[in-house]
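Below: the structure, in structure tokens.
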Amino acid sequence: MTFILYSLGAVLSPKFRLPVFLIGFVILFLIELCTVLTNEYFDYYSDKLNENASPFNGGSRVLVEGKLTFSEVRNAIFLILGFIVITGYLLILVCDNSLSIGVLIFIGIFLGLGYTAPPIKFSYRGAGEIVVAITTSPYVILCGYIFQSGMWNDPLPWALSVPPFFAILGAISLQGIPDYNADKRAMKKTLAVILGPKKAAIWSMGSMFLAAISALILSFFNITGFQIMFFVAPHALILEIAVFKLIKSGNYNKRINGIMKLALSYILWFGIIPLIWFLNDYPLLF
């Protein structure tokens, strides 16, 4: 998902430079890896309590299952941060807009590590879902665009980030439902804990609907092709029905892997279809 949206941002720019693209993606990969390890470290108590952990929620469980030690994870975090500094410096060397690149890298580290790391702990203060939606949608699209010398005030990358923002917000809201009991005991204020599982599921349905509507609006203004709705509309309908069935069952204390597969694959349309659209209209310049 990150690679697709990052690629979308890159092809929006007037000129595509492969070295910049590759170094930039390495930076994003390292920031995401560092974020995952930080989450494992500071979410250990919640993950340990979680009885509904799956590939889609509850962490990777490398600490809970003893596959890594706390010191190994801590050392890895600092090592990866060092690599981010090195690759960030390399990116600045091959680009002109060093200030913008530095700001973007700082924002990524701040939001990524701040998701669970103290003293910020966004996910423990009710802002976790919004932070995830920002960092995995507008942030990565802007990185792809600005790393290639695009400008912050260009509305195009911002507009194209709206549908995946809502789709990701809906998916991450669903993700917190199986974690509800563990997160509540760990004092983690996810949307599911704040609103309750039922309202979180309804919130997710609304977000998924807004993703489809915003994509329809973009296609109406010819920002992306109307073809996107041939994929988004049926997928959205199937997803909404699946979440509605979950709400109707009233049973939230379980894994929802099938729904999560639908929710996460739904996000991809908002990157893949615009990416193909712009690749057809804007030739790459090396």
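The values are calculated or read from the model by the stated rules, or taken from the named source; none is laboratory data. Quick caveat: nothing in here was measured; it's all calculated off a predicted structure. Note that each Cβ is placed from the backbone with ideal geometry, even for glycine, and that neighbours are counted across all protein chains shown.
Go through the residues of the range 165-173 one by one and say whether even a single one is in contact with a helix residue (DSSP H, G or I) (Cβ under 9 Å, 6 or more places away or on another chain) and under 16 Å from Gly9 (Cβ atoms). Yes, the range 165-173 has at least one match.
Among helices (runs of 4 or more DSSP H) lying entirely in the range 154-266, which contain 3 or more residues that are farther than 27 Å from Tyr115 by Cα?
Helices (runs of 4 or more DSSP H) meeting the threshold: 197-220, 228-249.
Residues in the range 209-230 that are among the hydrophobic types (A, V, I, L, M, F, W, C), surrounded by 15 or more Cβ atoms within 10 Å (Cβ to Cβ) and over 14 Å from Ser161 (Cα atoms): Phe209, Ile228, Met229. Condition check: farther than 26 Å from Tyr6 by Cβ, within 20 Å of the chain's Cα centre (by Cα) and touching a residue at least 60 places away in the same chain (Cβ under 8 Å). Does Lys254 satisfy that? Answer is no for this residue.
Counting residues in the range 3-20 that are small (Gly, Ala, Ser) and within 30 Å of Ile177 (Cβ to Cβ) gives zero.
The residues of the range 38-57 that are assigned to a strand (DSSP E or B) and over 14 Å from Lys188 (Cβ atoms) amount to a single one, Ser54. Counting only residues that are touching a Lys or Arg at 6+ places or on another chain (Cβ under 9 Å) and at pLDDT 95 or above, the range 85-114 holds 1 of them.
Just to be sure before I move on: is Ile80 modelled with pLDDT of 95 or more and of a type in the set (Val, Ile, Thr) in the structure I sent?
When the stated conditions are applied, Ile80 passes them.
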